Amino acid sequence: LQLVESGGGLVQPGGSLRLSCAASGSTLDYYAVGWFRQAPGKEREGISCVSSGGRTTYADSVKGRFTICRENAQNTVYLQMNSLKPEDTAMYYCAAEVSGPDYLALSSEEFDYWGRGTQVTVSS
């Protein structure tokens, strides 16, 4: 399984971006997919996850602003980010792990497959 993130960029505070995590080499149907971010000098933070069955979870830092969804037909998971703040600036990564329909995780240790990341910068 290979994962490629896209959709990052520079956006003003209050703006929106949609990140994509496109998979190849295998179908994502049986994988939980998580989004993580890491800012310079900080630890990697799990921010959202969607189970193979479509359940979702969010970190408190993004709850109510970010939405994760999976489009199995496109073998892609999206992260819609609204009301962006300067503190959302980070490298964003997606990760995947084979799991059951209800499995959710926000710990990076739980995921075996990772993309290379896409940079999100929130600044005026």
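The values are calculated or read from the model by the stated rules, or taken from the named source; none is laboratory data. Just so we're clear, the structure is a prediction, and the values are computed from it rather than from any experiment. Because the Cβ atoms are built from the backbone with ideal geometry, glycine has one as well, and the counts that use them run over all protein chains shown. Quick note on the areas: whole protein, heavy atoms, side chains included, nothing else; ligands and nucleic acids left out. Shrake-Rupley method; radii C 1.70, N 1.55, O 1.52, S 1.80 Å.
Taking the stated definitions as given, is SER24 within 18 Å of GLY115 (Cβ to Cβ) and within 11 Å of the chain's Cα centre (by Cα)? Against the criterion (within 18 Å of GLY115 (Cβ to Cβ) and within 11 Å of the chain's Cα centre (by Cα)), SER24 does not qualify.
Close Cβ contacts (under 7 Å, 6 or more residues apart or on different chains) running from residues in the range 52-76 that are in contact (Cβ under 8 Å) with a residue 12 or more places away in the chain and closer than 22 Å to LEU28 by Cα to residues that are open to solvent by less than 60 Å² (accessible area, probe 1.4 Å) and charged (D, E, K, R) comprise SER52/ASP29; GLY54/ARG70; ASN72/ASP29. Just the residues that are of a type outside the set (Gly, Ala, Ser) and either open to solvent by less than 40 Å² (accessible area, probe 1.4 Å) or assigned to a helix (DSSP H, G or I) (or both), please, taken from the range 16-44. Result: LEU17, LEU19, CYS21, LEU28, ASP29, TYR30, TYR31, VAL33, TRP35, PHE36, ARG37. If you go through the range 98-115 and keep only what is of a type in the set (A, V, I, L, M, F, W, C) and assigned to a strand (DSSP E or B), you end up with VAL98, TRP114. Identify all residues within the range 57-97 that are hydrophobic (A, V, I, L, M, F, W, C), open to solvent by 10 Å² or more (accessible area, probe 1.4 Å) and either part of a loop (DSSP other than H, G, I, E, B) or modelled with pLDDT under 95 (or both); write none if there are none. ALA59, ALA73 - these are the residues of the range 57-97 that are hydrophobic (A, V, I, L, M, F, W, C), open to solvent by 10 Å² or more (accessible area, probe 1.4 Å) and either part of a loop (DSSP other than H, G, I, E, B) or modelled with pLDDT under 95 (or both).
Only a single criterion out of (1) within 23 Å of LEU10 (Cβ to Cβ); (2) within 11 Å of the chain's Cα centre (by Cα); (3) hydrophobic (A, V, I, L, M, F, W, C) is not satisfied by CYS69, namely (1).
The set of residues in the range 98-124 that are of a type in the set (S, T, N, Q), surrounded by fewer than 18 Cβ atoms within 10 Å (Cβ to Cβ) and in contact with a strand residue (DSSP E or B) (Cβ under 8 Å, 6 or more places away or on another chain) comprises SER107, SER108, GLN119, THR121, SER123.
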